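Visitor: I'd like to ask some things about the structure below.
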Amino acid sequence: MNIRTITTITMMFLTLAASAQVSIHIDIKGDKTFDSVFVRSEAKLQTKKYLSAPFASSVTLEDKESMKPGMYEILGDSTFLGVILIPTEKNQKFSLTIDGEDVKFTNSKENTIYYDYLKGITKFNECLDSLDREFKRAQQSMPQYMLKVFVDSLSASARRINDEMRQYQRRTAAANANTLAGSIIATSTYLEDPPQEGLSNRQQFQKYYIEHFFDNFAWNDPRIFNTVVVAQKLKEFCNMIYQLDNPDFDPLIVAALNKAKVNKTSYEYLFDALENVLGRNISPYKVEHTYIAILKDALQYPKLDEDRNRRYTRELGFIDKNHAGDTIPNFNLVLANGDTVSMYDIQSEYTLLYLQHPTCPTCHQVRNRMKDFDKLNRAIESGKLKVVMVYFEDDPQVWSNYINSREANPKYLQGWNFDQTIDDQNLFDTRTIPYMFLLDKDKVVIKKDLLVNEIEPYIEYLRIY
């Protein structure tokens, strides 16, 4: 915590028996003031504000929804003040005092355990920081022939400190088994270092961390998913998958997730959190092949309920097709000049297939960006690339208005799937548009779900100009 002034905050937590709601009374003393004080949760990769009130020396925050067991952050405006654990839905009443860097609880055993644990971890991290400072000083002052010996010594010290820290984490978690604090500590326990050969081989290093990422998770305590600790680790895991973006690692990712299946609630929490990042079209970290792999695996889970089974099956029906290397399905088009053709009738060395709606704001923005792409325009002029814009819904007036407007770029082939086979036969996943494919001369997919900022790099990579 980075609190520069001494602030005393006394909080009284009372869970109302009838509705399981929470009322928080906060007394704040000191010269630090805020516009508001609030409590929020960062769980399952999502942030939710629970309780908020204007700043005052004495303020009461009342929860209008039941606060689930988990970890919550306390903030004054954007200043982080601390965290609290709500271990149970039963009635609770305890106080918290923050005095600079010192945090003390009264009548809350689990919060006391957790903050004592954090103090221990801080000491280990201070030792590691000290080694890092020694290394930086040595880099500036030592000759190279001495530096290697010194670095080897520092590395050995760092390994020893990390081993002692892991032992401390395991002891503390074991001593507090079956508590939320113990589950959070167990889940926070650092992984063992990879084998020596894995340190110099990047692929082995990545494989090790995927295989062992969830080793210490307290799967039998679903409360951990309502904690910032797990949210941070899941962000790290999703970022690692996004950076890899390698289908060869999908079986390892599935095997890692299967560890959560020991507890149905935990597995569903984990799947939902990863689905929001890896599987949503609006997510900048979407990795479709991994999402497909975990969907297929989830459908084999015998404890999967019927609603999830139907949803996952439907989701696969949309996305598990038209992959790189697949030939796209054929469909009919009427062109701007009135000619009727099939997609396969359109011959070109490369084709950029653009599924859109003329009045879609995002489609409009992307079309406007594309018209100024120099490499794209040169590729079209060279005759090596055709851009085929396809409207696929059933509204002749929308089509007529579009092709008779300046929106319809004459450099592109403008087509309407007039018989609605794209929609009726679910040929493509058109739930989010625009949706683009880069195809070769045989209508084989080179890149599925091509993003607008990927168009010119692919043109340059394939030398389509």
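The values are calculated or read from the model by the stated rules, or taken from the named source; none is laboratory data. A quick note: this is a predicted structure, and the numbers were derived from the prediction, not measured. With ideal geometry, Cβ positions are generated from the backbone for all residues, glycine too; neighbour counts draw on all protein chains shown. The protein model used for the area step is the full one, side chains on, heavy atoms only, and it has no ligands, DNA or RNA in it. Shrake-Rupley method; radii C 1.70, N 1.55, O 1.52, S 1.80 Å.
Visitor: With charges only on Cβ, +1 for K and R and -1 for D and E, what is the dipole size of the chain about its Cα centre, in debye, rounded to 20?
Guide: I would put it at about 940 debye.
Visitor: For the range 383-440, rounded, prolate or oblate, judged on the Cα gyration tensor with a ≥ b ≥ c (square roots of eigenvalues), a/c < 1.5 rounded, else prolate if a/b > b/c?
Guide: Here the range 383-440 falls in the oblate category.
Visitor: Turning to a different aspect of this structure: To make sure I understand the rule: partners must be aspartates and glutamates, Cα under 13 Å from the Cα of LYS303, and not fewer than 8 residues away in the same chain. Which ones qualify?
Guide: Cross-link targets: GLU268.
Visitor: Still on this model: Rounded to two decimals, what ratio of Rg to Rh does the range 281-351 give with C-alpha atoms and a Kirkwood Rh?
Guide: Radius of gyration relative to Kirkwood radius: 1.16.
Visitor: Can you give me the accessible area per residue for the range 344-419, using a 1.4 Å probe, in Å²?
Guide: 49 Å²
Visitor: Compute the whole-percent fraction of alpha carbon pairs in the chain spaced more than 44 Å apart.
Guide: 35 percent
Visitor: Give me the percent relative contact order of the chain, please, defined on Cα pairs under 8 angstrom at least 6 residues apart.
Guide: So the answer I get is 11 percent.
Visitor: Compute all pairwise cysteine Cβ distances in the chain, then list the cysteines with no distance under 4.7 Å to another cysteine.
Guide: Within the chain, the cysteines lacking a partner Cβ under 4.7 Å are CYS127, CYS238.
Visitor: For SER130, what accessible area in Å² do you get when you roll a 1.4 Å probe over the heavy atoms of the protein chains, rounding to the nearest 10?
Guide: Approximately 40 Å² of SER130 is accessible to the 1.4 Å probe.
Visitor: Tell me the carbon and sulfur percent of the accessible area for the chain, rounded to whole percent, probe radius 1.4 Å.
Guide: That share works out to 49 percent.
Visitor: A further question follows. Could you compute how fast the range 305-417 diffuses translationally, taking Rh as the Kirkwood radius over C-alpha pairs and applying Stokes-Einstein at 4 °C with viscosity 1.567 mPa s? Give it in µm² per second.
Guide: In µm²/s, the coefficient is 81.
Visitor: DSSP loop chymotrypsin sites (Phe, Trp or Tyr not before Pro) in the range 241-331 with at most 14 other Cβ atoms within 10 Å of their Cβ, which ones?
Guide: Qualifying residues, ordered by number: none.
Visitor: Something else now. Listed here are the pairs LYS68/LYS235; LYS235/LYS321; LYS44/LYS264; LYS44/LYS261; which of them are more than 24 Å apart at the Cα?
Guide: Over 24 Å Cα-Cα: LYS235/LYS321.
Visitor: Extending each Cα 7 Å along its Cβ direction at ALA53 and PHE318, get the distance between those two points in nm, one decimal.
Guide: 4.3 nm
Visitor: In addition: Can you tell me which aspartates and glutamates have their Cα less than 12 Å from the Cα of LYS443? Leave out same-chain residues fewer than eight positions away.
Guide: Straight-line reach from LYS443, under 12 Å: ASP326, ASP345, GLU349.
Visitor: Report the Cα centroid-to-centroid distance between the range 293-318 and the range 115-144 in angstrom, as an integer.
Guide: If you average the Cα positions of each part, the centres end up 47 Å apart.
Visitor: How much length, in nm to one decimal, is gained on full extension between ASP449 and ASP193, taken as 0.36 nm per residue of separation minus their Cα-Cα distance?
Guide: Answer, rounded to one decimal: 88.4 nm.
Visitor: Give me the distance in nm between label points sitting 7 Å out from Cα along the Cα-to-Cβ direction at ASP245 and VAL151, one decimal.
Guide: 3.1 nm
Visitor: Can you list residues from other chains, or at least 5 along the same chain, whose modelled amide H is less than 5 Å from the amide H of LYS447?
Guide: Here LEU438 satisfy the definition.
Visitor: Another one. Give the percent of DSSP beta bridges with both residues in the chain that are antiparallel, rounded to the nearest 5.
Guide: 85 percent
Visitor: Still on this structure, please answer the following. Using the reciprocal of the averaged 1/r over all distinct C-alpha pairs, how large is the Kirkwood radius of the range 110-249 in Å?
Guide: It is 17.3 Å.
Visitor: For the range 191-338, what relative contact order do you get, as a whole percent, if you take Cα pairs closer than 8 Å and at least 6 residues apart?
Guide: That works out to 19 percent.
Visitor: In Å, what is the Rg of the alpha-carbon atoms in the range 84-144, and how long is Dmax?
Guide: 18.9, 63
Visitor: Shifting gears a bit: Taking the Cα centre of the chain as the origin and placing charges on Cβ (Lys, Arg +1; Asp, Glu -1), which of GLN420, SER348, LEU451 is farthest toward the positive end of the dipole?
Guide: LEU451
Visitor: Work out the FRET efficiency for SER342 and SER405 from their Cβ-Cβ distance, taking R0 = 25 Å, and round it to the nearest 0.05.
Guide: Taking R0 as 25 Å, the efficiency between SER342 and SER405 is 0.45.
Visitor: How many nm separate the modelled label positions at THR421 and LYS303, each set 7 Å beyond the Cα in the direction of the Cβ?
Guide: Taking the two extended label points, one gets 4.6 nm.
Visitor: Please sort through the DSSP H helices of the chain and keep those with an alpha-carbon extent of at least 30 Å along the long axis and a Kyte-Doolittle average not below -1.0.
Guide: Membrane-span-like by this criterion, though nothing is claimed about a membrane: 144-175.
Visitor: Shifting gears a bit: Provide the gained length on full extension for the span LYS93 to ASP35, in nm with one decimal, where the gain is 0.36 nm per separating residue minus the Cα-Cα distance.
Guide: Full extension from LYS93 to ASP35 adds 18.3 nm.
Visitor: Taking the Cα centre as origin and putting +1 on Lys and Arg beta-carbons and -1 on Asp and Glu beta-carbons, what dipole magnitude results for the range 116-173, to the nearest 20 debye?
Guide: Dipole size: approximately 100 debye.
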